[in-house]
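Peer 1: This is the structure I have questions about; it appears just below.
The values are calculated or read from the model by the stated rules, or taken from the named source; none is laboratory data. All values derive from a computational prediction rather than experimental measurement. For neighbour counting, all protein chains shown are included, and Cβ atoms are generated from backbone atoms with ideal geometry for every residue, glycine included.
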Amino acid sequence: MLRREPRHADAHFLLGIAAARAGRLGAGIESIERALALAPDRAEYHAQHARCLAMLGRHREARIAAERAVALEPRDALTFDTVGVVLARCGAHREAASAFRRAAALAPGRADFQYNLGTSLRILGDFAGAEAAFERAIRIDRRFFKAYSVLSELRASRPDPGRIGPLRALLAEAVDDVDGELHLRHALATELEALGDHDAAFAELEAGKRRKRAAVGYDFEADRAIFAAVETVCTERFLQDARAGHPDDAPIFVVGMPRTGTTLVERILAGHSRVASVGETMGFAAALKRAAGTASPRLLDPETITAAASADLASVGQAYVESVRGLRGDAPRFVDKMPLNFFYAGFIAAALPAAKIVCVRRNPLDTCVASYRRLFATGFPYYRYAYDLGDIGRYYVCFDRLVRHWRAVLGDRFYEIEYEALVAGARDETRALLRHLDLDWEEACLHPHRSAAPVATASAVQVREPLHGRFVGRWRRYAGRLGRLADQLRAAGIELEQDAPSGPAAG
């Protein structure tokens, strides 16, 4: 009987892995827990158990399971790499880096383990260590293309024309790899920008993004339908009729279009002694999805928004607060800076009436260009509009309209802050922001770059610099390419600067 238990345990474990890969995380957890009941000393079981729990947002349980895996002193690199991924999801980035180091040491020939280590070190602000890890990844596998785009970003302050030729040569090896070409062209764009050749950089972005947009088959109408559903459901009447939500006053939601300064605002707030950051979480979206009970595969879609109108929003608020408990520590307040939460402002206001919502705004052209220049996670479906400048313009028009809607129905519960005003007058803007959030003034909030806290967003490099306005008006570098976009925004009634371009141009 004892000889058979490991086989039974393995069977349950493999069933659990298969269920998790199919998206049935609950069933996967049940099968892996049956395996653990038979073989509790298997570190890889605990690691995969932790991974499934983390994917469901059960961060506290996931971290405990990950720590159990490490305590069993595993000898295989994959278990340590899995633990690292879990700990990173749980906000334990220093512990994650330690796990990734163990994985890379145990399997020095795995480029993906070096890449994960580099990503973790970048989050921690160890840019030299991150660069070295990414370099090891491409020495192991020169076709590990996604390492090139982040390497170029880390090297942007050290321009070198000698890097252009090798990157162009690699393009020939990515002809059958859409994502590989996208990463290489983003790397080229970053290198060319650093050398001051902005027109050539933009051309590289166009080439890579055009191919990727065709591959994903993006249709803007799907996003337009989400915006329309939110405005239709979250009316002033809806908010008036909503039952009292969960009374917790700890959450601060920082929302907005990506690349507009949301991370900067988060870091300013996290510098306060009473505020912790939980990073970017999909916790509220997941809680609302569960309450809506829709069968659609995505968290955010018109069907879910419509069904959520009749959900128990107090329970949604409570479930959300519980989901981030393992990320916030003991701080009285916490900030969640998932930009996409701008879709949920009305639901947040109903589910968590004492929570604060801060929307960061930036010059429209700078906002659109910044999204175009950024390579978002290719597997994340909600930023697919960023592969085409025209799609970005259409998305921005809908975003601007939705913000005006929130302004009308939420009033002063929806606080807006302009990036340009913040970097020009940090003290006054920060003081006003803290006052709105019922937080006392603390000088440390003016120095977010001094914080050693991890930064797990695309702004990991920039926010470790002192406050500056170098990125204000950055769109002017690409003005010759933005005529069509500018006309598109003007036609929607969006005010642009007087020297904004007009007429046909790329995009």
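Peer 1: Hey, can you tell me all the residues within the stretch 112-124 that are crowded, with 19+ Cβ neighbours inside 10 Å and either touching a helix residue (DSSP H, G or I) at 6+ places or on another chain (Cβ under 7 Å) or charged (D, E, K, R) (or both)?
Peer 2: Hits for the stretch 112-124 are 113, 114, 115, 116, 117, 118, 120, 121, 122, 123, 124.
Peer 1: Let me ask another. For residues that are without any contact (Cβ under 8 Å) to a residue 60 or more places away in the chain and crowded, with 21+ Cβ neighbours inside 10 Å, tally how many sit in the stretch 293-315.
Peer 2: Total meeting the criteria: 1.
Here's the yes/no breakdown for (1) within 16 Å of the chain's Cα centre (by Cα); (2) assigned by TED's automatic domain parsing to the domain that holds residue 253; (3) hydroxyl-bearing (Ser, Thr, Tyr):
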position	(1), (2), (3)
361	no, yes, no
370	yes, yes, no
385	yes, yes, yes
388	no, yes, no
392	no, yes, no
397	no, yes, no
401	no, yes, no
405	no, yes, no
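Peer 1: Another one. Just checking, how many residues over the stretch 345-387 are small (Gly, Ala, Ser), more than 30 Å from residue 214 (Cβ to Cβ) and outside any helix (DSSP H, G or I)?
Peer 2: Count: 2.
Peer 1: Sticking with this one: Check the stretch 253-264 and report whether any residue there is modelled with pLDDT of 95 or more, in a helix (DSSP H, G or I) and either among the polar types (S, T, N, Q) or not assigned by TED's automatic domain parsing to the domain that holds residue 434 (or both).
Peer 2: Within the stretch 253-264, not a single residue is modelled with pLDDT of 95 or more, in a helix (DSSP H, G or I) and either among the polar types (S, T, N, Q) or not assigned by TED's automatic domain parsing to the domain that holds residue 434 (or both).
Peer 1: Here are some conditions: (1) touching a Lys or Arg at 6+ places or on another chain (Cβ under 9 Å); (2) closer than 17 Å to residue 83 by Cα. Residue 42 meets all but one. Which one does it not meet?
Peer 2: Tallying (1) touching a Lys or Arg at 6+ places or on another chain (Cβ under 9 Å); (2) closer than 17 Å to residue 83 by Cα, residue 42 fails exactly one: (1).
Peer 1: Of the residues that make up the stretch 174-181, is at least one in contact with a Leu (Cβ under 7 Å, 6 or more places away or on another chain), outside the structural domain of residue 355 (by TED's automatic domain parsing), free of Cβ contacts under 8 Å to residues at least 24 places away in the same chain and surrounded by fewer than 23 Cβ atoms within 10 Å (Cβ to Cβ)? Lay out the reasoning, then the answer.
Peer 2: Kept after step one, since they are in contact with a Leu (Cβ under 7 Å, 6 or more places away or on another chain), are these residues of the stretch 174-181: 174, 181.
Of the ones still in play, those that are also outside the structural domain of residue 355 (by TED's automatic domain parsing) are 174, 181.
Now drop any that are not free of Cβ contacts under 8 Å to residues at least 24 places away in the same chain, which leaves none.
The answer is no, given that none of the residues of the stretch 174-181 is in contact with a Leu (Cβ under 7 Å, 6 or more places away or on another chain), outside the structural domain of residue 355 (by TED's automatic domain parsing), free of Cβ contacts under 8 Å to residues at least 24 places away in the same chain and surrounded by fewer than 23 Cβ atoms within 10 Å (Cβ to Cβ).
Peer 1: What's the total number of residues in the stretch 271-290 that are surrounded by fewer than 24 Cβ atoms within 10 Å (Cβ to Cβ) and part of a helix (DSSP H, G or I)?
Peer 2: Selection size over the stretch 271-290: 5.
Peer 1: How many of the residues in the stretch 469-491 are without any contact (Cβ under 8 Å) to a residue 60 or more places away in the chain, surrounded by 15 or more Cβ atoms within 10 Å (Cβ to Cβ) and either outside the structural domain of residue 392 (by TED's automatic domain parsing) or not small (Gly, Ala, Ser) (or both)?
Peer 2: The number of residues fulfilling the criteria is 2.
Peer 1: Output the residue which, of all residues in the stretch 90-102 that are in contact with a Gly (Cβ under 9 Å, 6 or more places away or on another chain) and part of a helix (DSSP H, G or I), is surrounded by the fewest Cβ atoms within 10 Å (Cβ to Cβ).
Peer 2: Ranking the qualifying residues of the stretch 90-102, first place goes to 98.
Peer 1: Would you mention how many residues in the stretch 56-89 are more than 22 Å from residue 321 (Cβ to Cβ), surrounded by fewer than 20 Cβ atoms within 10 Å (Cβ to Cβ) and of a type in the set (D, E, K, R)?
Peer 2: Residues that pass the stated criteria total 5.
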